[in-house]
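Peer 1: The structure follows.
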Amino acid sequence: MNITVIGTGYVGLVTGTCFAQMGNSVTCIDINQKKIDNLKKGILPIYEPGLDSMVVNLFKDGFLKFSTSLPDAMKKSEIYFIAVGTPPGEDGSADLQYVLSVAEEIGTNLDKYSIIVNKSTVPVGTADKVKKAVQEKLEKRNLDIDFDVVSNPEFLKEGEAVNDFMKPDRIIIGTDSKKALKIMEKLYSPFSRSKDKIIEMGLRDAELTKYTANSMLATKISFINEIANLCEILGADVENVRKGIGSDQRIGNHFIYPGCGYGGSCFPKDVKALIKMAKINGVRPLLLEAVEERNSIQKHILAKKIFKTFGENLNDLKIGIWGLSFKPGTDDMREASSVVLINELISKGAKIHAYDPVAMDEAKNIFSKKLFDEGKIILASHQYEVCEQADALVLVTEWKPFRQPDFHALKKMMKKPVIFDGRNLYDPYELKELEFDYQGIGR
């Protein structure tokens with residue numbers, strides 16, 4: 001099939017690449033000329049394991065193309081995936097200006113039956129708005145061209161996105177058109193050969209499914225974090241509690257790992273958007289608001305522990321940070337707990353020495369140049385470098401290289417053997433025997 005994907009961000013690039021991998025002819029569109037030029041050279045705007053080699057090879061073989069011109073791509077395409085950003089507004093609602101702008105451009109150039117697919121995470125009712133935007137442009141051109149709008153939300157985990165797309169748990173197709181459904185089923189058939197993973201539903205059902213899924217996962221995280229805070233007061237170990245409840249098949253072990261808060265481009269944004277949708281429609285989102293508030297508080301938990309240990313005057317203290325991205329497997333620092341922590345520690349006079357396997361360049365974009373110039377943030381070339389003469393080590397992101405460090409070596413190189421474990425990776429009893437001052441979450 002001939003497919004056009006509008007937007008070469010995280011969702012768009014993975015979507016286009018994976019469809020091209022199955023033999024489809026895919027053109028990825030972006031208005032950023034520099035981004036398109038870089039993609040043609042094999043330089044990706046995101047870090048995602050395995051994606052770079054796929055892009056290079058598929059571009060070389062002609063299955064994957066990159067362009068800034070949507071009208072040119074539309075000459076051959078029959079399916080259009082809208083995968084542009086929907087950034088949150090100040091009130092938490094999703095900004096649809098980019099989605100509707102693409103819809104209008106499609107309507108301006110449409111000349112044959114096509115399927116327009118919302119791949120971006122969009123509020124309930126967006127498909128109706130897209131259909132209206134396209135139809136209005138067609139009417140201005142005095143044309144009567146049939147088209148269908150489909151909601152096909154993505155469920156990609158950063159760091160595992162390629163595998164998630166190639167081997168999905170489910171494929172949600174929201175449509176009221178049997179014709180569109182048949183074409184979408186054919187498009188996705190290579191991804192569901194072992195069993196039928198396609199779930200057909202209405203447009204609004206599909207739109208709400210995406211928000212509900214992410215908000216449910218965020219709820220599980222905030223719940224276990226709340227229990228972790230209770231454990232600290234009651235003298236219980238949340239890790240044992242987690243194992244106890246996770247063994248119940250009705251609950252399961254997924255997303256009940258306590259820590260220093262969730263981040264990224266999805267959970268925070270989608271919870272806020274669902275809260276906004278609820279309020280607009282007269283529903284009090286009591287649970288969702290609590291989920292968001294707990295996560296906001298949780299992002300300050302490590303700083304609070306550090307202040308309790310050292311006081312709030314951190315002048316001349318060197319704090320080592322392991323992990324900057326919001327989760328392992330990505331360089332994404334959007335809404336990352338590390339950003340909240342580092343800013344808070346710097347405000348109290350601490351000097352930060354940080355290391356992350358892939359997010360170092362992104363950190364230079366997140367924090368002001370002045371902080372680096374003044375030596376308030378130093379990015380180390382190796383994870384052990386941040387520990388040299390450090391007053392404390394803080395684990396923020398549970399990257400694999402951090403999971404089994406040489407604690408004997410750490411103790412020798414640190415000024416003070418103090419570890420704040422924001423993801424409960426380490427055994428508190430082992431570290432106690434090694435005479436570390438260890439503080440985890442809910443332990």
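Peer 1: Of K119/K279; K40/K327; K131/K197; K167/K197, which pairs sit farther than 19 Å apart, going by alpha carbon to alpha carbon?
Peer 2: Long pairs (Cα-Cα over 19 Å): K119/K279; K40/K327; K131/K197.
Peer 1: For the chain, what is the calculated [θ] at 222 nm in deg cm²/dmol (nearest 500), taking -39500 (n - 2.57) for each run of four or more DSSP H residues and dividing by its residue count?
Peer 2: My calculation for the chain gives -13500 deg cm²/dmol from helical runs alone.
Peer 1: Could you please state, rounded to a whole Å, how far the C-alpha centre of the stretch 405-443 is from the C-alpha centre of the stretch 381-402?
Peer 2: Computed from Cα coordinates, the inter-centre distance equals 11 Å.
Peer 1: Sticking with this one: Could you tell me which of the pairs K137/K179; K220/K269; K75/K186; K351/K415; K318/K412; K76/K129 are separated by over 18 angstrom between their Cα atoms in the structure shown?
Peer 2: On the way: K137/K179 23 Å; K220/K269 16 Å; K75/K186 21 Å; K351/K415 14 Å; K318/K412 16 Å; K76/K129 25 Å.
K137/K179; K75/K186; K76/K129, as the Cα separations exceed 18 Å there.
Peer 1: Let me ask you something else. Rank these for me by crowding, S381, S265, S25, going from fewest to most other beta carbons within 10 Å.
Peer 2: Ordered from fewest to most neighbouring Cβ atoms within 10 Å, S381, S265, S25 come out as S381, S25, S265.
Peer 1: Could you list the GluC sites (Glu not before Pro) in the stretch 82-157 that lie in coil according to DSSP, counting only those with at most 13 other Cβ atoms within 10 Å of their Cβ?
Peer 2: Within the stretch 82-157, the qualifying GluC sites (Glu not before Pro) (loop, at most 13 other Cβ atoms within 10 Å) are E90.
Peer 1: Extension gain L286-L143, at 0.36 nm per residue separation less the Cα-Cα distance, in nm?
Peer 2: 46.7 nm
Peer 1: Further, regarding this structure: Pick out which of N229, N109, N365 has the largest mean-square fluctuation in a Gaussian network model of the chain, springs linking Cα atoms closer than 10 Å.
Peer 2: N365
Peer 1: Could you tell me what percent of the DSSP beta bridges with both partners in the stretch 2-201 are antiparallel, to the nearest 5? Write down the numbers at each step before the final one.
Peer 2: Numbers: 2 of 28 bridges.
Percentage antiparallel, nearest 5: 5.
Peer 1: Also, I was wondering about something else. Determine the gain in length on full extension of the stretch A213-N163; use 0.36 nm per residue of separation and subtract their C-alpha separation, reporting nm with one decimal.
Peer 2: The span from A213 to N163 would gain 16.1 nm if fully extended.
Peer 1: Please give, to one decimal in nm, the separation of the simple spin-label points placed at N57 and L234, each 7 Å out from Cα toward the Cβ.
Peer 2: 5.2 nm
Peer 1: Arrange F407, F66 by Cβ neighbour counts within 10 Å, fewest through most, would you? Mind dumping the intermediate values first?
Peer 2: On the way: F407 17, F66 21.
Arranged by neighbour count, lowest to highest, F407, F66 become F407, F66.
Peer 1: Oh, and also: Which of these, E207, E48, E289, has the largest mean-square fluctuation under a Gaussian network model of the chain (Cα springs below 10 Å)?
Peer 2: For the chain, modelled as a Gaussian network with Cα springs under 10 Å, the answer is E289.
Peer 1: Find how much the distance from D205 to K412 grows on full extension, using 0.36 nm per residue of separation minus their present alpha carbon separation; answer in nm with one decimal. Present the calculation step by step, with values, prior to reporting the outcome.
Peer 2: Details: separation 207, 0.36 × 207 = 74.52 nm, distance 5.74 nm.
Length gained between D205 and K412: 68.8 nm.
Peer 1: Among P49, P258, P328, which one shows the highest mean-square fluctuation when the chain is modelled as a Gaussian network with alpha-carbon springs under 10 Å?
Peer 2: Among P49, P258, P328, the largest GNM mean-square fluctuation belongs to P49.
Peer 1: Starting with the fewest neighbours, write out V283, V149 ranked by other beta-carbon atoms found within 10 Å of each beta-carbon.
Peer 2: Placing the least packed residue first, the sequence is V283, V149.
Peer 1: Output the relative contact order of the chain, whole-number percent, from Cα pairs under 8 angstrom with separation of 6+ residues.
Peer 2: 12 percent
Peer 1: Students often forget the sequence filter, so: which lysines lie under 18 Å Cα-Cα from K34 once same-chain residues fewer than 8 apart are removed?
Peer 2: K65
Bear in mind these aren't lab numbers, they're just calculated from the coordinates by the rules spelled out. Since the model is a prediction, treat every value here as computed from it, not as a measurement. Because the Cβ atoms are built from the backbone with ideal geometry, glycine has one as well, and the counts that use them run over all protein chains shown.
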